[in-house]
Amino acid sequence: MRLLLLVLSLSLHSFVLSDLIGVVVLSRHGVRSPYPPSGLGWSEKTFSLFSNRTFPLSFDQWGSSGVAQLTKHGAAAIKRMGEWFAFRYSLLLSSQGCELFSFYADNSTRDIE
């Protein structure tokens, strides 16, 4: 994942914005506390089925408010990503009409946050 992001970042800097035809951003839902598979509870036993590591069972330790919720670190990372896109494309966005842009996300809480 880090290599892919690095390659994407390097390729974005290799052209002039006037040559830009489009930008496609595929993004996951940020850093979140884990969630158990359907039907399994939030417990040490559940996590031990999938990993030999010990995981914290407190949402505070994850920095989130509940199962599959965005962590403080995740919120900071998403904010920085938005700031980078705003910096990178602000001139382009401010010089074009809104009808040229399209954004999509489903209505999952992961996307709304």
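The values are calculated or read from the model by the stated rules, or taken from the named source; none is laboratory data. All values reported here derive from a predicted model rather than from experimental measurement. Glycine gets a Cβ as well: all are built from the backbone with ideal geometry, and neighbour counts include every protein chain shown. Remember, those area values only see protein heavy atoms, side chains included, never the ligands or the DNA or RNA. Shrake-Rupley method; radii C 1.70, N 1.55, O 1.52, S 1.80 Å.
Structure notes:
- Qualifying residue in the stretch 29-43 (condition: open to solvent by 100 Å² or more (accessible area, probe 1.4 Å), over 23 Å from D106 (Cα atoms) and either of a type in the set (D, E, K, R) or at pLDDT below 85 (or both)): no
- Just one of (1) touching a Lys or Arg at 6+ places or on another chain (Cβ under 8 Å); (2) closer than 28 Å to G22 by Cβ fails for R88. It is (1).
One line per residue, one yes/no per condition, for (1) of a type in the set (F, W, Y); (2) at pLDDT 75 or above:
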residue: G66; (1), (2): no, yes
residue: H73; (1), (2): no, yes
residue: Y89; (1), (2): yes, yes
residue: S94; (1), (2): no, no
residue: F101; (1), (2): yes, no
